[in-house]
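Read through the structure below, which is laid out as structure tokens, and then see the notes.
The values are calculated or read from the model by the stated rules, or taken from the named source; none is laboratory data. Keep in mind that this is a model prediction, so the values were computed, not measured. Cβ: placed from backbone, ideal geometry, glycine included. Neighbour counts: every protein chain shown.
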Amino acid sequence: MGSVLVTGGCGFIGSEFVRQWMARESSNVVNLDKLTYAGNLHSLEEIAANPRYTFVHGDIADERCLKEIFQEHQPAAIINFAAESHVDRSIDGPEEFVRTNVLGTCRLLEEAKKYWSSLPEGDIAKFRFIHVSTDEVYGSLGAEGLFTESTAYKPNSPYSASKAASDHFVRAYHQTYGFPSITTNCSNNYGPFQYPEKLIPLTILNCLEGKSLPVYGDGKQVRDWLHVSDHCRAIRTVLHKGRVGEVYNVGGGSELENITVVHHICEAVDELAAPNHRPCSKLIKYVTDRPGHDRRYAISYEKISAELGWQPDISFAEGIKSTVQWYLARQDWVDGIRTGGYRGHRLGLDKKQRHETAPMS
């Protein structure tokens with residue numbers, strides 16, 4: 001395969017994909033990233049000097065930037081990770097999510113379509129556009145059942161609404177123009193290099209520092225947890241083997257209540273870091289729930305398993321322990337994040353409630 005263009009490759013999932021691609025594939029990577037608050041060049045220090053890797057500081061909504069990348073690097077595939085992804089931030093400011101997730105994806109699709117249609121016939125047939133999305137587009141499940149690829153969309157937050165819109169545009173470009181796209185919808189990711197506004201990294205850091213561990217509502221919201229390494233392996237599988245025009249759900253097979261996840265983290269920090277304030281579970285504090293908080297997500301990965309032979313390898317017990325170990329060992333990375341202005345404060349509620357330092361999921 002020729003070079004791949006990865007958009008949002010300095011983010012949590014995107015950077016894991018880039019590192020994984022550089023380690024296990026032979027072709028070049030071009031990483032286009034706007035370097036917003038969650039984009040971090042330090043997450044790719046280990047491959048930054050590799051001649052197979054190119055970083056471009058730019059925006060997927062920038063027509064000129066995209067044209068220059070297509071002309072210079074002639075990618076054989078595009079993996080679109082670029083997105084605003086934090087639900088609480090979308091509650092505070094929905095328009096930025098529309099600009100990036102909807103308008104940006106539309107611009108990327110349009111320029112990619114123009115580039116694709118100009119390729120030689122053999123290259124046209126080989127080209128792929130992988131759009132990385134979320135299970136949150138499906139809304140909230142009841143006590144039973146799983147999201148499948150045929151589940152109707154029912155987004156409940158500005159974030160999930162913006163991702164749903166981008167998914168629909170990807171599908172429309174395939175149906176209307178024959179554009180060779182594939183969409184993946186994943187469950188909640190966790191692992192190294194995750195920006196510490198999300199439930200797992202923020203809980204780890206608060207445990208280490210002896211800060212309160214606020215839990216939304218009753219803490220019984222259920223999520224399916226997927227290690228970021230397994231997720232990126234799934235995307236590589238879809239790129240190589242997936243059928244054009246299809247959707248593949250990617251899940252971790254690890255359904256857990258949020259409060260259970262917090263307890264797992266507390267136990268791991270107690271064991272691995274042995275802070276003076278242990279047990280860390282005594283730091284748990286229940287706080288006001290997030291507006292419109294989906295109660296349960298659970299995803300079936302039967303299709304990608306049956307068709308493409310992928311399944312998750314990393315259990316939650318194994319993954320959460322290794323994730324805690326990583327944050328213990330990478331205080332330098334954490335310190336670099338915190339110089340950017342995020343201090344663990346809560347987003348997505350009114351000003352009276354902003355004093356609550358809360359992880360989300």
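Overview of values
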| read-out | value |
| --- | --- |
| Members of the stretch 312-323 found to be more than 18 Å from the chain's Cα centre (by Cα) and either of a type in the set (K, R) or surrounded by 14 or more Cβ atoms within 10 Å (Cβ to Cβ) (or both), listed by number | S315, K321, S322 |
| Leading residue by the ranking (farthest from Y177 (Cα to Cα)) among those in the stretch 93-121 that are under 26 Å from the mean Cα position of the chain (by Cα) and polar (S, T, N, Q) | T100 |
| Per-region count, the stretch 11-35, residues in contact with a strand residue (DSSP E or B) (Cβ under 9 Å, 6 or more places away or on another chain) and touching a residue at least 40 places away in the same chain (Cβ under 8 Å) | 15 |
| From the options E136, E111, E68, E84, residue that is exposed (fewer than 15 other Cβ atoms within 10 Å of the Cβ) and among the acidic types (D, E) | E68 |
| Test for L208: is it surrounded by 24 or more Cβ atoms within 10 Å (Cβ to Cβ) and of a type in the set (A, V, I, L, M) | no |
| Residues that are more than 25 Å from Y190 (Cβ to Cβ) and touching a residue at least 24 places away in the same chain (Cβ under 8 Å), drawn from the stretch 36-52 | N50, R52 |
| Any hit, the stretch 174-184, residues being crowded, with 23+ Cβ neighbours inside 10 Å, in contact with a Phe, Trp or Tyr (Cβ under 6 Å, 6 or more places away or on another chain) and not in a helix (DSSP H, G or I) | yes |
| In the stretch 1-28, residue surrounded by the fewest Cβ atoms within 10 Å (Cβ to Cβ) [restricted to those that are of a type in the set (A, V, I, L, M) and within 17 Å of A76 (Cα to Cα)] | M1 |
| Conditions (1) touching a Cys at 6+ places or on another chain (Cβ under 6 Å); (2) assigned by TED's automatic domain parsing to the domain that holds C10: number failed by F179 | (1) |
| Matching residues in the stretch 190-215 - criterion: being touching a residue at least 12 places away in the same chain (Cβ under 8 Å) and more than 21 Å from the chain's Cα centre (by Cα) | N206, C207, L208, G210, K211, S212, L213, P214, V215 |
